[in-house]
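To keep things clear, I will list the structure first and then write my remarks on it.
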Amino acid sequence: MTAPPAWLTVLTTTDSEAKAHALAQSAVEARLAACAQISAPITSVYRWQNAIETTEEWQVLFKTAAERYDELEEHIEREHDYDTPEIIALPVIRGSARYLGWVTAETAPPAAL
């Protein structure tokens, strides 16, 4: 049996650079992510309400401790203006011990500080 990952990269997309920055800033301020990286613009092609859509979007990658995932997901859903925002968590299998230690420290729940 494999242990669950201790760290995650969580991604979402949004339709403007300003909204991506707001999501990134608010998650880091709330200590739900140690950092958030914004990539843009990207082109998304998807099916929505029985139509194929093509949209320019900005992708936000949040680096977080797995124990903070539920709160980060709730935060993204609350702050996001999409009906069904993309929220996908990818496990971090390996990484620099110093970097992952920093992620852990920066996402520690306020009561742990």
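The values are calculated or read from the model by the stated rules, or taken from the named source; none is laboratory data. Computed from a predicted model, the values in this text were never measured in an experiment. All Cβ positions, even for glycine, are placed from backbone atoms using ideal geometry, and neighbour counts span all protein chains on display.
Brief remarks on what is shown
- Residue in the range 13-25 that is within 18 Å of Ser96 (Cα to Cα) and either modelled with pLDDT of 95 or more or hydroxyl-bearing (Ser, Thr, Tyr) (or both) present: no
- Single residue of the range 84-113 satisfying the filter (farther than 20 Å from Glu29 by Cβ and free of Cβ contacts under 8 Å to residues at least 40 places away in the same chain) that is surrounded by the most Cβ atoms within 10 Å (Cβ to Cβ): Tyr99
- Inter-residue pairs, beta-carbon under 8 Å, first closer than 11 Å to Ile76 by Cβ and in the range 5-19, second in a loop (DSSP other than H, G, I, E, B) and small (Gly, Ala, Ser), 6+ apart: Val10/Ala33
- When Arg31, Arg94, Arg68, Arg78 are checked against the criterion of being more than 17 Å from the chain's Cα centre (by Cα) and either on the phi < 0 side of the Ramachandran plot or not in a helix (DSSP H, G or I) (or both), a single residue qualifies: Arg94.
- For Thr55: the one exception among (1) out of contact with any Ser or Thr (no Cβ under 6 Å at 6 or more places or on another chain); (2) in a strand (DSSP E or B): (1)
- Inside the range 8-64, residues that are buried (at least 18 other Cβ atoms within 10 Å of the Cβ) and of a type in the set (Asp, Glu) make up a count of 1.
- Number of the exception - Ala36 against (1) touching a Leu at 6+ places or on another chain (Cβ under 7 Å); (2) touching a residue at least 40 places away in the same chain (Cβ under 8 Å): (2)
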